[in-house]
Structures are given as structure tokens and as C-alpha cells.
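Values in this text are rule-based calculations from the coordinates and carry no lab data. Source: prediction; values computed, not measured. Glycine also receives a Cβ, built like all others from the backbone with ideal geometry; neighbour counts cover every protein chain displayed.
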Amino acid sequence: MGRMASSRRDLAVRATVDQGLLSPAEPVVALLDTAGIRASAAALTSAFAAVTDAPVLHAFAVKATPLVPVLRLLHEAGLGVEVASPGELALARAAGIPPARTVLDSPAKTPAELRQALALGIAVNADNLQELARLDALVAAAPTASPLGLRVNPQVGAGSIGALSTATATSKFGVAIRDEGARKAVVRAFLERPWLTRLHTHTGSQGVPLALMAEGVGETYALAEEINREAGGQQIDTVDIGGGLPVNFASDEETPTYAEYARLLAATVPGLLDGRYGLVTEFGRSLLAKHGTVLARVEYTKTSGGRPIAVTHAGVQLATRTVYAPGSWPLRVLAYDAEGRPRTGDLTVQDVAGPACFAGDLLATGRELPLLRPGDVVAVPDTGAYYFAHHYAYNSLPRPAIHGFTVDGDGAVSFTAVRGAQTLDEIVAEAGGARPDALVRQLSGAFR
């Protein structure tokens, strides 16, 4: 599958240049491989279908790629959505995702957010016991079809990226069940609320090994079993195991796989998959990352301190995590010539820089590539999640156009617009351009 994806990518790069989507006038664009996205969705659903007959809602984490056409594509492929803000819920509704296939998670839901979710019938996972108290009042005030649950923190430890490890001893998410008295408080909270029927957990994502993810799920399953024993029946009918499958950013190989994770759960938490519990998953990065690519023209090349530097139009505005934390988020850079053909030649150690006005705006440092030249194209793969859809407006650089692409059996590439490029007028409008005198008038009024 990796070779097929790389072949499609090469064809798409050439077609992007041939069809004028990437040009001197529009020197950076982003691509989404529709076939790759569909394949990842199919791999996820089949992996869990192979280990359980229980109903499973695979809810795509909208934060990974908050684009309405992507959500619609995944919905057509059988997936739901997990949202964590009013904005993400609005995107899901715009994509036509039914409430019954929507899950709301967030550590800071307002009363208005909760009220809306319950009115729509969206599943809600409360983050803490204070939120349960809010739900008490809302459930008493009006009937709801929303399945309701509680997020717990199994406190099983961290992966290699602390900021993405959500099951540490002091994580901000969920009820920490190893804290003194917390487990008993959770059991009591369920026994006092017959309408509370779900448990939710999420151990983390990139940098978290599968074994640690499975351990977090196992701890949560054990808690569900304890609550059901105390309740004298199956009060908890669904366990939301979160997402977090790591992504391989070092090559086109898709590893680890959903099948590996599902088999690991079947081996370590067999009771969870024996049909008594419905499941919810919340994968995000692993569904989209491998199927997105940033393309940028090389504007200039230079040498500094003896090292060649290629200055491109893709940097911190698109690859924010990589620029600020390159050790945790390294990205590959692929070299193409000005016509979009893979560049050949001797490998040369060089830097690949972005357009922003600060020294750290580097996509890659000391990377071996065929020597880049002005007009060449660099491709940055594996950027379909948490990269070009999450624009960082440094230097008021515009958001790039995003195009989905398909490749037919003859190698012909077709593009469709997912999101248009941001215009300068839109940048000005977002910066208060309609109110240029607002602060001047305020200051003048203060001296009257």
C-alpha cells in the first residue's frame, strides 16, 4: 500500500505543476489522496470487525483534519466523528454527520454546549465529577436521547512526547482513578446515575506505544466490570477506547496498523470484545496523516557557512509542530524538479527553509537531498493531519489551497477543490480591516 501511495503522489505532483495548481503565482498548495483516505477507513473498520461482533462506532477525531469535505468522505466510508468544541460540532453538522454518530469530548464544556448536545441527542463524555453535576440538572430538566459517559484517566504513564500523553499521573483529562478515593467516587457516581452508561479513556497518541494504549484500555475495562458488578447488571454498555494509533513519519510504510492494535486488544482485554460491550474509537492522525502532502516551490537557493539552503514557501505556517519541535515531529522532504519529476543527482547535505521571518523556520536541517534549485518543487508528505489544515498565521502568510485528488487506471490525475486559497482581502478582513479607526476613535473619546 505504501508503494501504491507513493506512486499516486508522484503522479499528483507532476499533474499539480502541469495543471497550474502550483505556480509562481500560487507557490504552495496541499493535496489529499482520496483513495488513501478510503483505504485507511476500510482498514480500521475491518480490523475491529475481525476481533468483535459488537457494534463499533469509529468516530474520527475532527481536530486532526477539520475540513468539512474530509468529514463527509469519512461519513460515506462508514465513520462518525468525535468533536471537542462548538466549532468542530458545527463542521460535523455542515458535513451532514448524524447526531447518533457524533461524540462530544472536551475538558471545558460550557453549560450551553452541554445543553445543545443533549437537545441534539449527541453522545457526551463528561470529563470530571463537576461536569456530572451539571448533567444532573440538565437531564432532570429535559429528556434526552444522548448516551452519557465519564472519562477516566487510568494513569498508566507517558509515551515519548509528554504533550500528547494523556494518561499520566497528573494529566488534565478525566478522573484520575488511582488518586486516593477516586475509584470509589467514580463507582458511586455511576450507581447514583442509572442514565450514565459509558466509560471513556484515551492514553495518548504520537509517541505512545501500543502496549501502553492497551494497558489503559484494560484498566478502563476492569473499572467497567467493577461498576456493573456493583450495579447488579450491565449499567455500562459501551466503552469508548479513544484513539491514538501512532504514525510512521520515516517512510511510506503504514505502521503500526489497526489490525495489530485490534489483535493486541483481543489478546490482552478479551472480555471487552466478547460482545457484551459496544465500542467507540476516536482515531484521527492515523486516518489522515499519510494521505496529505504539502507542495512548495523553491524560490531561492543560497549558501551560508558552507551549507546550501533552499528557501521555499512552506514553513511554520503549515508545519508548526515540526518547526518548533523538530525532534518530536520530523518530516520527510522529497525533491522534484520544476516540472514535477523526481529530482535525481548526488545527495547533498542542505537545509530546507520556510518563508517566515525568524531563523528557526526550517522544515529540515542538514538533510541529504539532490541539490535543490530555484523553481524546483519540494513535497512534504505525511501532513494530512495536524499540519496544513491547522494554519498558523505567522507574518500573515495566507492559508494554501487544498485539493483532493484521484488517479485513474491510466495514471490520469483529477483534482477537486477542498478549500480555496486565502485571499489578501480575507487576511485584511480577519485583522479588523473594516474598523481601521476603532482604536483612534476610542483614544479621541478618552480626551474629551
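What FRET efficiency do you get for E230 and R134 if R0 is 25 Å and r is their Cβ-Cβ distance, rounded to the nearest 0.05? Please list the in-between numbers first.
Numbers: r = 24 Å, r/R0 = 0.96.
Here the calculated transfer efficiency is 0.55.
In square nanometres and to one decimal, what's the mean projected area of the convex hull around the Cα atoms of the stretch 34-288?
12.6
For A438 and T344, what is the calculated FRET efficiency with R₀ set at 51 Å and r taken between the beta-carbons, to the nearest 0.05? Walk me through the numbers before you get to the answer.
Values: r = 55 Å, r/R0 = 1.09.
The calculated FRET efficiency here is 0.40.
Cβ neighbours within 10 Å, averaged per peptide: list 435-442, 223-230 in order, most packed at the top.
223-230, 435-442
Please report how far the C-alpha centroid of the stretch 317-346 lies from that of the stretch 264-290, rounded to the nearest whole angstrom.
Between the Cα centre of the stretch 317-346 and that of the stretch 264-290, the gap is 33 Å.
Just name one of L104, G80, G218: the one whose Cα is farthest towards the positive end of the charge dipole of the chain (beta-carbon charges, Lys/Arg +1, Asp/Glu -1).
Working it through, the farthest residue towards the positive pole turns out to be L104.
Seen from all sides and averaged, what is the projected area of the convex hull of the Cα atoms in the stretch 217-332, in nm²?
For the stretch 217-332, averaging the hull's shadow over all directions gives 10.4 nm².
Within the chain, what percent of beta bridges assigned by DSSP are antiparallel, to the nearest 5?
50
Rounded to whole Å, give me the distance from the Cα center of the stretch 34-64 to that of the stretch 7-24.
Centre-to-centre (Cα) distance: 30 Å.
Compute the angle between helix 111-120 and the longest alpha-carbon principal axis of the chain, please, reported from 0 to 90 degrees and rounded to the nearest 10.
Helix 111-120 sits roughly 80 degrees off the main axis of the chain.
Run lengths n ≥ 4 of DSSP H only: what is the helix-derived mean residue ellipticity at 222 nm for the chain, with -39500 (n - 2.57) per run over all residues, to the nearest 500?
Calculated at 222 nm, the ellipticity per residue is -9500 deg cm²/dmol.
What lysines sit close enough to K63 to cross-link, taking a C-alpha to C-alpha distance under 24 Å and skipping anything fewer than 8 places away on the same chain?
K109, K172, K290
Determine the shape class of the stretch 304-436: with a ≥ b ≥ c the square roots of the Cα gyration tensor eigenvalues, call it rounded for a/c under 1.5, and otherwise prolate if a/b is greater than b/c, oblate otherwise. Let's see the in-between values first.
Values: a/c = 1.96, a/b = 1.19, b/c = 1.64.
Taking the square roots of the gyration eigenvalues as a ≥ b ≥ c, the stretch 304-436 is oblate.
Kindly rank 59-68, 420-429 from highest to lowest mean number of other beta carbons found within 10 Å of each residue.
59-68, 420-429
Looking at the square roots a ≥ b ≥ c of the eigenvalues of the Cα gyration tensor of the chain, which shape do they give, rounded for a/c under 1.5, prolate if a/b is larger than b/c, or oblate?
In terms of gyration-tensor shape, prolate.
So what are the ³J(HN,Hα) numbers for the stretch 140-152, from phi and the Karplus equation (6.51, -1.76, 1.60; θ = phi - 60°), rounded to whole Hz, Gly and Pro as x?
Per residue, the Karplus-derived 3J(HN,Hα) values read 5, 7, 7, x, 9, 9, 5, x, 10, x, 9, 7, 10 Hz.
On a 0 to 90° scale, report how tilted helix 34-49 is relative to the longest principal axis of the chain, with both axes built from alpha carbons and the result rounded to the nearest 10.
Tilt of helix 34-49: around 20 degrees.
What whole number of Å gives the distance from the Cα centroid of the stretch 77-154 to the Cα centroid of the stretch 190-256?
So the two Cα centres are separated by 18 Å.
Around H200, which amide H atoms from residues at least 5 apart in sequence, or from another chain, sit under 5 Å from its own amide H, with H modelled in the peptide plane?
Result for H200 returns L150, R151, V152, D240.
Compare the peptides 300-313, 27-40 by average per-residue count of other Cβ atoms within 10 angstrom and give them in order, highest first.
Ranked by mean Cβ neighbours within 10 Å, highest first: 27-40, 300-313.
Please report, in debye to the nearest 20, how large the charge dipole of the chain is about its Cα centre when each Lys and Arg carries +1 at its beta carbon and each Asp and Glu carries -1 there.
Here the size comes out at about 700 debye.
Rounded, prolate or oblate: which fits the stretch 22-149, taking a ≥ b ≥ c as square roots of the Cα gyration tensor eigenvalues, rounded meaning a/c under 1.5, else prolate when a/b beats b/c?
oblate
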